[in-house]
Each structure stands twice: as C-alpha cells, then as structure tokens.
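Input: a single structure, listed below in structure tokens.
The values are calculated or read from the model by the stated rules, or taken from the named source; none is laboratory data. As the structure is a prediction and not an experimental result, all values here were calculated from the model. Don't worry about glycine lacking a Cβ; one is built from the backbone with ideal geometry, like all the others, and counts go over all protein chains shown.
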C-alpha cells in the first residue's frame, strides 16, 4: 500500500482468515475504510471474490454477493485501470519534462573518473576488494572496469 498506514495488521489478519475459509463475508462501514486507493480496493475485492468470500459495505449499500454488487465491482475495476493509466501518463510526462530541463535521471554514477585509479591500483598488486574499499566504490564496479580493459 502506498500512502496511509504502512502496515494494516487487522486488515491483513482478516484477509488471512478469508484465505483459511474461516469467514464467509467481510462487512465494512465504508469502502474507503477498506481500500486506500481504487486499485487497492479492486485487487482485494477480486481476491475475496476468488476465495468465495462476500463483501458488503453498509454505507454505500455495496454487496458483492448480489448481481448489482458484482456489476459495481466491474465498474470499480475499470476506474482502477483508468487511475493506473493516468498515473503512468503523469509519471512519463514528469520524466520527459525533467529530461528537457537537463536533469540527469537514474542512479548517480559511482565510478566516473575512477577508472584510471582502479587500473593503477590493480597493476600495483592491490586486490579488487581493497581497491573497492579505498575508492569507496562497489567490487562489481571494479571488476567491470578491469574487464573493460581486457576487451
């Protein structure tokens, strides 16, 4: 789950009970008390439906045990897909904007400019692990630099 409570232990215990087939129906006061986003709500409702566990929201009169409730769940799934698509578009637009502004994206380079030092230390008989410690870079980076030299 993204925002809100990081661990929702009581909800997880309830889902675990549903997986063990200890319960037949989940009853909530409001839908927003069950799911933090439409996608979260839909995924848990799909799991409960697959397990044969009913779901009822008292305030919204939402009942997955009825045909109308299952139709409503289908509409929620459509809105969840829409929400994911919109979020993806926003992320891509933000990344494109950042690139146009000249921002470098991704992990920062750790070995830029250290290739010569790696090779010099290795020629001096220093182990790859020690080179990594001295230059404060990863051992994999040291191996990669030394492998490039051979190529």
(request) Six or more apart or on different chains, Cβ under 8 Å: which pairs go from a residue in the range 91-115 that's over 21 Å from residue 140 (Cβ atoms) to one that's surrounded by 10 or more Cβ atoms within 10 Å (Cβ to Cβ)? Could you list them? (result) 105/95; 105/98; 105/99
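Among 98, 93, which is more than 14 Å from residue 38 (Cβ to Cβ) and either surrounded by 11 or more Cβ atoms within 10 Å (Cβ to Cβ) or touching a helix residue (DSSP H, G or I) at 6+ places or on another chain (Cβ under 7 Å) (or both)?
On the way: 93 fails: either surrounded by 11 or more Cβ atoms within 10 Å (Cβ to Cβ) or touching a helix residue (DSSP H, G or I) at 6+ places or on another chain (Cβ under 7 Å) (or both).
The match here is 98.
Determine whether residue 130 is modelled with pLDDT of 90 or more and either within 25 Å of the chain's Cα centre (by Cα) or assigned to a helix (DSSP H, G or I) (or both).
Values: modelled with pLDDT of 90 or more: yes; either within 25 Å of the chain's Cα centre (by Cα) or assigned to a helix (DSSP H, G or I) (or both): yes.
When the stated conditions are applied, residue 130 passes them.
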(request) Check off (1) buried (at least 16 other Cβ atoms within 10 Å of the Cβ); (2) within 20 Å of residue 9 (Cα to Cα); (3) at pLDDT below 80 for residue 77 and give me the number that stays unchecked. (result) (2)
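Any residue in the range 104-113 that is in contact with a helix residue (DSSP H, G or I) (Cβ under 8 Å, 6 or more places away or on another chain) and either surrounded by 14 or more Cβ atoms within 10 Å (Cβ to Cβ) or in a helix (DSSP H, G or I) (or both)?
Taking the range 104-113 as the starting set, the residues that turn out to be in contact with a helix residue (DSSP H, G or I) (Cβ under 8 Å, 6 or more places away or on another chain) are 105, 110-111.
Among the residues that remain, those that are also either surrounded by 14 or more Cβ atoms within 10 Å (Cβ to Cβ) or in a helix (DSSP H, G or I) (or both) are: 111.
Yes; the residues of the range 104-113 include at least one that is in contact with a helix residue (DSSP H, G or I) (Cβ under 8 Å, 6 or more places away or on another chain) and either surrounded by 14 or more Cβ atoms within 10 Å (Cβ to Cβ) or in a helix (DSSP H, G or I) (or both).
Quick one: in the range 26-57, of everything that is part of a loop (DSSP other than H, G, I, E, B) and in contact with a strand residue (DSSP E or B) (Cβ under 7 Å, 6 or more places away or on another chain), which residue is farthest from residue 14 (Cα to Cα)? Even if it seems obvious, please write down each step before you answer.
Here is the first cut: in the range 26-57, the ones part of a loop (DSSP other than H, G, I, E, B) are 29-30, 34-37, 51-53.
Of the ones still in play, those that are also in contact with a strand residue (DSSP E or B) (Cβ under 7 Å, 6 or more places away or on another chain) are 30, 34, 53.
Values: 30: 16, 34: 11, 53: 11 Å.
Within the range 26-57, the match that is farthest from residue 14 (Cα to Cα) is 30.
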